[in-house]
Amino acid sequence: MPRARRRQFSNADKRRILDAADRCTQPGEIGALLRREGVYSSSLSTWRRQREAAELAALAPQKRGPKPDPAAAEARQIAQLMRENERLKSQLDKAHLIIEVQKKVAALLGSPIDDTHDKS
């Protein structure tokens, strides 16, 4: 025996059935429509929610301009991190230079600085 397959409705069918349901004004008309189309009332409710969500999404403001390229964004981030790394290296070199000068000045003044904790 062939297996029963779940019926699937296209977007056009859903729209057509929703429009027909919206035009129903008399008691029992929606029930007759649902029986004629072979649709459950829960499906009709779900389709109404989907239609409302789509309408709200269409009214939402869209972000303007070109869409971001993930590869370009990653390349920009890498370039920024490399610049920051170079800046920090430069600051570290300056700090080491200042420390060396302080050691020499301290040695000239006769109170040398202990060098055991330097550069681990």
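No lab work stands behind these numbers, since they all come straight from the coordinates. Model, not experiment: these values are computed from the prediction. Glycine also receives a Cβ, built like all others from the backbone with ideal geometry; neighbour counts cover every protein chain displayed.
Here are the numbers for this structure:
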read-out: Total residues in region 17-50, condition charged (D, E, K, R), under 41 Å from the mean Cα position of the chain (by Cα) and either surrounded by 14 or more Cβ atoms within 10 Å (Cβ to Cβ) or within 17 Å of ARG7 (Cα to Cα) (or both); value: 2
read-out: Pairs, first without any contact (Cβ under 8 Å) to a residue 60 or more places away in the chain in region 15-27, second surrounded by 13 or more Cβ atoms within 10 Å (Cβ to Cβ) and acidic (Asp, Glu), C-beta under 6 Å, six or more apart; value: ILE17/GLU37
read-out: Enumeration of residues in region 59-82 that are surrounded by 10 or more Cβ atoms within 10 Å (Cβ to Cβ) and either in contact (Cβ under 8 Å) with a residue 12 or more places away in the chain or of a type in the set (D, E, K, R) (or both); value: ASP69, GLU74, ARG76
